[in-house]
Amino acid sequence: MNGTNHAADALFILLGAIMILAMHAGFAFLELGTVRKKNQVNALVKILADFAVSTIAYFFIGYGISYGVDFFARADVLAARNGFELVKFFFLLTFAAAIPAIISGGIAERAKFHPQLIATALLVGLVYPLFEGIAWNQRFGIQAALKLAFGAEFRDFAGSVVVHAVGGWIALPAVLLLGARRGRYGRNGAIAAHPPSSIPFLALGAWILAVGWFGFNVMSAQTLDKMNGLVAVNSLMAMVGGTLAALVLGKNDPGFTYNGPLAGLVAVCAGSDLMHPLGALATGVIAGGVFGLKSLGGIGGVSFAAQLAGTALGVVIALAGGVLVYGLLKKTMGLRLDPEQEFQGADLSIHHISSTPERESNW
């Protein structure tokens, strides 16, 4: 039976890894649909290249920092337990690679290509694993200290803070150091809208992300015996809550509406294994993460103070890492395309091709 259990666990987490790998297509098409046509090729290439660089950085450096594991052993050793440790790495890599994918949207249309690849290597290899190891692998004794102080550890079942918030807070220094897109603000400070290039592609990206998210959340159990349908239904309710909130607040704007389910799913990741479905619905609407408390219908075992402290630590590490990495790159290589390249668009300036060529080749 142990062999069968190992095979089932390996397959379970492998399916999750594949679902989250597909989410990166969602990141690509969400960005592609949001940016202007002259930057669509860059959005597609950037997400793929970032994933490849993330894999190398996480395989050789990041995974060891988080979990104290390396893969410099014989293949027969790595294949033990049906290769569970390998597919676990694959699964957690797809989380790590979401960090540059999250950042990508914030720096779209104006960032140089190669400095961003270097930033990806540093962030996925060094910065992200530091907090990942603290939150998910008891590194540095911080979880034990939180439990001693507040009666519970910092809990983040599927990465609301570890992945999504950390990615967002790392992106903030990058955005500030880059500056706004040219023409984004008028002289009087008014915002000049840059309409999405393709609402259908934006919607496709959001749908791919939403579907893959059920692998992101449900398979975070990592073994089949810990899988629970509560996580799936809570994810569904948060997705719906986020959608309805965005529909109302966005006044039927399609771009705003299609980001609603993603906001709800981000919010519910941390407590999707603890909440009541009604709490998950509320979480999707207001992005509040306290519904794991028994007093609010959840399973319990969480502390608001521990959640606050753990979240604050994640923000500090992310901000510090973002400032250090992007600040260093700005001083040494520069982060931003020059004005002429930005006007021409990243597609022609970096990749020397347009997503919509106006005429056929002559041969």
Ignoring GluC sites (Glu not before Pro) buried by more than 13 other Cβ within 10 Å or outside DSSP loops, the longest site-free run in the chain is 1-357
Using only the C-alpha atoms of the chain, find the volume of their convex hull and express it per residue in Å³. 173 Å³
Identify all aspartates and glutamates with a Cα-Cα distance to Lys46 below 13 Å; exclude those on the same chain that are fewer than 8 residues away in sequence. Glu31, Glu109, Asp347
With every protein chain left in place, what is the accessible area per residue of the stretch 66-163 in square angstrom, probe 1.4 Å? 38 Å²
Apply 1/(1 + (r/R0)^6) to the Cβ-Cβ distance of Asn252 and Ala79, taking R0 = 56 Å, and write down the FRET efficiency to the nearest 0.05. 0.60
Any idea what the relative contact order of the stretch 121-239 is, in percent, if you count C-alpha pairs under 8 Å spaced at least 6 apart? 15 percent
Fully extended contour minus Cα-Cα distance, from Asp70 to Lys226, at 0.36 nm per residue: 53.6 nm
Computed lengthening from Asn5 to Leu126, 0.36 nm per intervening residue step minus Cα-Cα distance: 40.2 nm
In Å², and per residue, what accessible area does the stretch 271-363 have when probed at 1.4 Å with the other protein chains present? 59 Å²
Counting only protein heavy atoms, what percent of the accessible surface of the stretch 231-274 is carbon or sulfur at a 1.4 Å probe? 76 percent
The long-range amide H neighbours of Ala111, using H built 1.01 Å from N in the peptide plane and a cut-off of under 5 Å, are Leu337
State the extension gain, in nm to one decimal, for the chain segment bounded by Phe140 and His351, taking 0.36 nm per residue of separation less the distance between their alpha-carbons. 71.6 nm
Take the alpha-carbon positions of the stretch 199-261, form their convex hull, and give its projected area averaged over all directions (one quarter of the hull surface) in nm². 4.1 nm²
Add +1 for every Lys or Arg and -1 for every Asp or Glu among the other residues with Cβ under 15 Å from the Cβ of His114, and state the total. +3
Leaving ligands and nucleic acids out of the surface, order Asp347, Asp253 by accessible area at 1.4 Å, largest first. Asp253, Asp347
Distance check, please: which entries in Lys37/Lys251; Lys38/Lys251; Lys112/Lys331; Lys38/Lys112 exceed 19 angstrom between their Cα atoms? Lys37/Lys251; Lys38/Lys251
About the Cα centre, charge dipole magnitude for the chain (Lys/Arg +1, Asp/Glu -1 at Cβ), debye: 740 debye
Percentage relative contact order, the chain, counting C-alpha pairs under 8 Å, at least six apart: 25 percent
Over the stretch 131-179, what is the mean sequence separation of C-alpha contacts under 8 Å (at least six apart), divided by residue count, expressed as relative contact order in percent? 25 percent
When we measure straight from the Cα of Lys294, which lysines land under 25 angstrom away, once same-chain ones fewer than 8 places off are left out? Lys147, Lys226
Dipole of the chain, positive end: most advanced residue of Ala221, Asn234, Phe113 [Cβ charges, Cα centre]: Phe113
In whole percent, how big is the carbon plus sulfur part of the accessible area of the stretch 75-197, probe 1.4 Å, protein atoms only? 63 percent
Rh (Kirkwood, all Cα-Cα pairs) for the stretch 274-346, Å, reads 15.8 Å
Taking 2.2 N^0.38 Å as the expected size of a compact globular protein, what ratio does the Cα radius of gyration of the stretch 1-151 give against it, to two decimals? 1.19
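The values are calculated or read from the model by the stated rules, or taken from the named source; none is laboratory data. None of the values given here were measured: they were computed from a predicted structure. With ideal geometry, Cβ positions are generated from the backbone for all residues, glycine too; neighbour counts draw on all protein chains shown. Each accessible area value is taken on the protein alone, full model and side chains, heavy atoms only, with ligands, DNA and RNA left out. Shrake-Rupley method; radii C 1.70, N 1.55, O 1.52, S 1.80 Å.
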